[in-house]
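Data block below; observations after.
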Amino acid sequence: MSRVFPVVLIILTVVLVAFATISPGHLTSATSPDQAVRSLLERVKGRDFKQAFSYISAASNIDEGAFYQDVNGSEGSLRTYSSLQDVDTKVLKESDTEGTVRADLVWSSAVGAIYETRDLHVVKEDSGWKVLWPQEKQANLPPQVIPVNYLRWDIVHRGADEDWGAQNVEPPRVRIISMNAIERDGNVIILGEIENEDTVPGFVAVNATLLGKDGGDLGQESSFDKMSHTLLPKEVSPFRIDFPKMKLASVKSVRMQPNAMLVPASADPVIAVQHQRMETDARGHHVLKGELLNESGQTVNIPHVLATYYDTAGRVVWVSDAYSDRALLPQVPVPFAVDVRDVLAEIVHNYRVTVNNYTLDRDR
């Protein structure tokens, strides 16, 4: 027994030390607007949402559940698959009783880094500085029936017991209708548009090969998330293919290879793009803003916005994209913003916005 007790005591000590290490730290009062914002966001970064909520002023009129949904996402949105990785703050104004702090946030997600800027108002209370967290008001739609009459395409493949030479349905015919090669920031970039000319939908990809002065291959790349891969009949998608660390002067020609595969598809959900406009954001950079409206009766979990920019001659001069980290509920508008290169803003004459959508557990 005398030997067992010291062993038990050592184990208990180790457990208590480990518990003290992983347990949340004591909430300390913020002594400045910047510290209040940083303390809140650092706890969001550590996914300690309860402690983060302690730095929010009661005057915000937001409950803990709504705050959790704001910073952690809901409805299977991209935010639910993201985590806060980096926080940078800047005090815009400060007095003895209030202040405004700009927070530049970097979220990591399955589709790469997502950048967000928030200007947060901070007030001084008896317990220290607290953040006035803005609450986004979302419309509550009444129960209703939304009729669905959109086209849908299914595929019946040849059976396993058919003759060896039996053919499946042919893939759709697609065509590159425009292509433009440019150089930006030491990279060669291929921009253009591709059209599904057929009467059936297809999954489309675009490959590009740069050929040098001697006719040899300089590099090969393919389109990824800078295009719509599923194209319905007669639908047009932009594409952008980046060749890092390449010089356009060393390129003699470009070999393009569009590929298409027949896939089942549906024209539902339809996502309308409303109130499109070019603006300058809080950082002084150009952005394309607007609203997305899900006109179907199903939730769209992850919307992907594609923007195509044209010059006065109608050439594609840039393609950019952005993922919305908010799900699109039926009939509820959601704002979006896509960055526009400042050096291109002056030559952009027109633009077109399309939306890809990713829906989880969708019944076909």
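The values are calculated or read from the model by the stated rules, or taken from the named source; none is laboratory data. Note that the structure is predicted; figures quoted are calculated from it, not measured. Ideal geometry is used to build each Cβ from the backbone, glycine not excepted, and the neighbour counts take in all protein chains shown.
In the set Met246, Met256, only one residue is modelled with pLDDT of 95 or more and out of contact with any Cys (no Cβ under 9 Å at 6 or more places or on another chain); that residue is Met256.
Which residue, of Asn180, Asn207, is outside any loop (DSSP other than H, G, I, E, B), surrounded by fewer than 17 Cβ atoms within 10 Å (Cβ to Cβ), of a type in the set (S, T, N, Q) and modelled with pLDDT under 95? Step by step, each of Asn180, Asn207 is checked, and only Asn180 is outside any loop (DSSP other than H, G, I, E, B), surrounded by fewer than 17 Cβ atoms within 10 Å (Cβ to Cβ), of a type in the set (S, T, N, Q) and modelled with pLDDT under 95.
Reported count of residues in region 57-110, each being under 24 Å from Gly128 (Cα atoms), touching a Leu at 6+ places or on another chain (Cβ under 7 Å) and not β-branched (Val, Ile, Thr), is 6.
All of (1) within 17 Å of Trp318 (Cα to Cα); (2) in contact with a strand residue (DSSP E or B) (Cβ under 6 Å, 6 or more places away or on another chain); (3) not acidic (Asp, Glu) hold for Pro258 with one exception: (1). Total residues in region 130-171 satisfying the condition of being among the hydrophobic types (A, V, I, L, M, F, W, C), at pLDDT below 85 and within 26 Å of the chain's Cα centre (by Cα): the figure is 2.
Flag: His349 matches the condition of being surrounded by fewer than 18 Cβ atoms within 10 Å (Cβ to Cβ) and touching a Ser or Thr at 6+ places or on another chain (Cβ under 8 Å). The number of residues in region 332-361 being at pLDDT below 90 and over 20 Å from the mean Cα position of the chain (by Cα) comes to 5. Selection of region 283-340 for residues being under 17 Å from Ile190 (Cα atoms), free of Cβ contacts under 8 Å to residues at least 60 places away in the same chain and aromatic (Phe, Trp, Tyr) yields Tyr309, Tyr310. Of the strands (runs of 3 or more DSSP E) contained entirely in region 52-161, not one carries at least 3 residues that are touching a Ser or Thr at 6+ places or on another chain (Cβ under 6 Å) and at positive phi.
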